[in-house]
1. Going through the range B:16-50 one residue at a time, which ones are over 19 Å from the mean Cα position of the chain (by Cα) and within 14 Å of chain A (Cβ to nearest Cβ)?
2. Run down A:Gln188, A:Gln182, A:Gln219 and say which single residue is open to solvent by 20 Å² or more (accessible area, probe 1.4 Å), of a type outside the set (Phe, Trp, Tyr) and in a helix (DSSP H, G or I).
3. Only residues that are farther than 17 Å from B:Gly106 by Cβ, open to solvent by less than 70 Å² (accessible area, probe 1.4 Å) and touching a helix residue (DSSP H, G or I) at 6+ places or on another chain (Cβ under 7 Å): list them for the range B:36-60, please.
4. May I ask you to list the residues in the range A:29-67 that are basic (Lys, Arg) and over 16 Å from B:Met174 (Cα atoms)?
5. Look through A:Leu37, A:Leu47 and report the one residue that is within 13 Å of chain B (Cβ to nearest Cβ) and either touching a residue at least 24 places away in the same chain (Cβ under 8 Å) or on the phi > 0 side of the Ramachandran plot (or both).
6. Go through the range A:50-85 residue by residue and tally those that are assigned to a helix (DSSP H, G or I) and either more than 22 Å from the chain's Cα centre (by Cα) or at the interface with chain B (Cβ under 9 Å from one of its Cβ atoms) (or both).
7. Of everything in the range A:64-108 that's open to solvent by 10 Å² or more (accessible area, probe 1.4 Å), among the charged types (D, E, K, R) and modelled with pLDDT of 95 or more, which residue is nearest to A:Gly199 (Cα to Cα)?
8. I'd like the full set of residues that are surrounded by fewer than 18 Cβ atoms within 10 Å (Cβ to Cβ) and among the polar types (S, T, N, Q), limited to the range A:110-163.
Amino acid sequence: MKWLTRTLTAPLLLGLVLLAGIAMLAPAKAQTIDEILSRGTINIGVLVDLPPYGILNDKQEPDGYDIDVAKLMGTYLGVKVNLVPLTSPNRIPFLLTNKVDLIVATFGITPERAKQVMFSIPYSAIENVVFAGKDKKITSMDDLKGLRVGVPRGTVQDVILAKTLGSAVKIARFDDDPSTYQALLTGQVDAIAETGLTGDNFYASHPEGNIERKFTLLQQPNGITMRKDQFNLHQWVNTFIYFTKNNGELNALWEKWFHKPLPNLPVF
Amino acid sequence: MRQFNLGDFEFLLLATRWTILLSVYAAIGGGIVGLAVALMRTATNAIPRWIAIVYIRIFQGTPLLLQLFLVFFGGDMLGLPLGAWLSAVLGFSLNAGAFLGEIWRGAIQAVPNGQIEAAKALGLHYVPRMWRVVLPQAMRVAIPPTVGFLVNLIKSTSLAAIIGFVEVTRAGQMLNNATFKPFLIFGIVSAIYFALCWPLTLTSRRLEKRLALSLKR
């Protein structure tokens, strides 16, 4: 059987390389604001698994801050909004293959990601906090050394921990946020790096865990995300954020979900 | 965070619909592909045999998740947008075809050669020989592993979540993300899967018994 596998490896590899090649050759469609206006609908990718940014409400419909921003965008464009629920791993593929026009999905702005996609100026921010048991003395990054720290896979906190502490910290990567919170509660990890507000609510409803906030890892500004060639749409989105920030609408949405004023969002 | 309500339970049950439909379509599609693969794999001519071998190696040797990914996003790249539903059915059918093909090849080869020779001696051509002599006997051998594979197929439909398909596991994840009640929600999801798979196993056992009877005679 060994010769068989050997003879088949080469064509298989060739096939995969070919597929990858096709993927790179296929042109991402340049898209203008006029196209969306004449179509009458905008397809917006959102997350439904990151409370309170994106959740399923008690009627099982997408809801949350991101969804409200998406709907507000539709109002200003005067088109129908078609919300497409995405997951963090598949949001870039959905965008790059034109399945959505843009994504409003708590996407942190980083130079690494900007190689693939184009970000608007920040429209929201997410606070990343380290949580751990009350008996643990953790006040800074250094105190995490030698501990098992849980993070949702591929997130900004995952990258920061891996970069600054390297092998000094044992990172446990979970599929989503609830598993990460749960892992700390059931003691599978010593600490987690997660969204501040959600963690506060979750651990307040589980006082038996004796878990508290330790320190803020970072305040991450998020951008609305488009394909690299959507300059025309990009300019409109930036104008939209600028305008709704100034007239207080964005702040009102933020207060609705976070019960405090919109944090200071730097622009670029 | 919000409470788990009756509407959520209904949402899970409605998502089960998609799990069932996807499983049924994948089983039918996989069955058609699988039969073709099995017949090609057991052919006397080397060319179809080799095509079938390459097909099986590719689909058994790469992860199902990637196959779904390639069908769904690859279709768009080639200017052939298939949509989540069709991509999922196509991806699962192609994958199931490779596995069922290999299972059924074994079953076909388990039919004693004397049967085929006798059929030939009676002047039966390929189609009646396969249809009336070989396949009915192969079926008996094939039932337990086929059902085993189908049970697995039902459970692997959860992978369709990667292409935005909301079946019962993904629905459970989405609700868990809103309510933070993993044990309750995934408990219900597991019970739903059990309710789908257990009757299948029971039916298989009954079928096996019935077919074993016909052998005893």
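The values are calculated or read from the model by the stated rules, or taken from the named source; none is laboratory data. In this text, all values refer to a predicted model and were calculated from it rather than measured experimentally. Neighbour counts are summed over all protein chains in view; Cβ atoms, including those assigned to glycine, are modelled from backbone coordinates with ideal geometry. Accessible surface is based on the protein model in full, side chains and every heavy atom, while ligands, DNA and RNA are left aside. Shrake-Rupley method; radii C 1.70, N 1.55, O 1.52, S 1.80 Å.
1. B:Ala46, B:Arg49, B:Trp50
2. Details: A:Gln188 fails: in a helix (DSSP H, G or I); A:Gln219 fails: in a helix (DSSP H, G or I).
That would be A:Gln182, the only listed residue that is open to solvent by 20 Å² or more (accessible area, probe 1.4 Å), of a type outside the set (Phe, Trp, Tyr) and in a helix (DSSP H, G or I).
3. Of everything in the range B:36-60, those that are farther than 17 Å from B:Gly106 by Cβ, open to solvent by less than 70 Å² (accessible area, probe 1.4 Å) and touching a helix residue (DSSP H, G or I) at 6+ places or on another chain (Cβ under 7 Å) turn out to be B:Pro48, B:Val54, B:Ile58.
4. First, the residues of the range A:29-67 that are basic (Lys, Arg): A:29, A:39, A:59.
If the condition is that a residue be basic (Lys, Arg) and over 16 Å from B:Met174 (Cα atoms), then A:Lys29, A:Arg39 are the ones that fit.
5. Numbers: A:Leu37 fails: within 13 Å of chain B (Cβ to nearest Cβ).
On inspection, the qualifying residue turns out to be A:Leu47.
6. First, pick out the residues of the range A:50-85 that are assigned to a helix (DSSP H, G or I): A:65-77.
Narrowing the set further to residues that are either more than 22 Å from the chain's Cα centre (by Cα) or at the interface with chain B (Cβ under 9 Å from one of its Cβ atoms) (or both) leaves A:75-77.
Looking only at that region, the number is 3.
7. A:Asp68
8. Matches in the range A:110-163: A:Thr110, A:Gln116, A:Thr139, A:Ser140.
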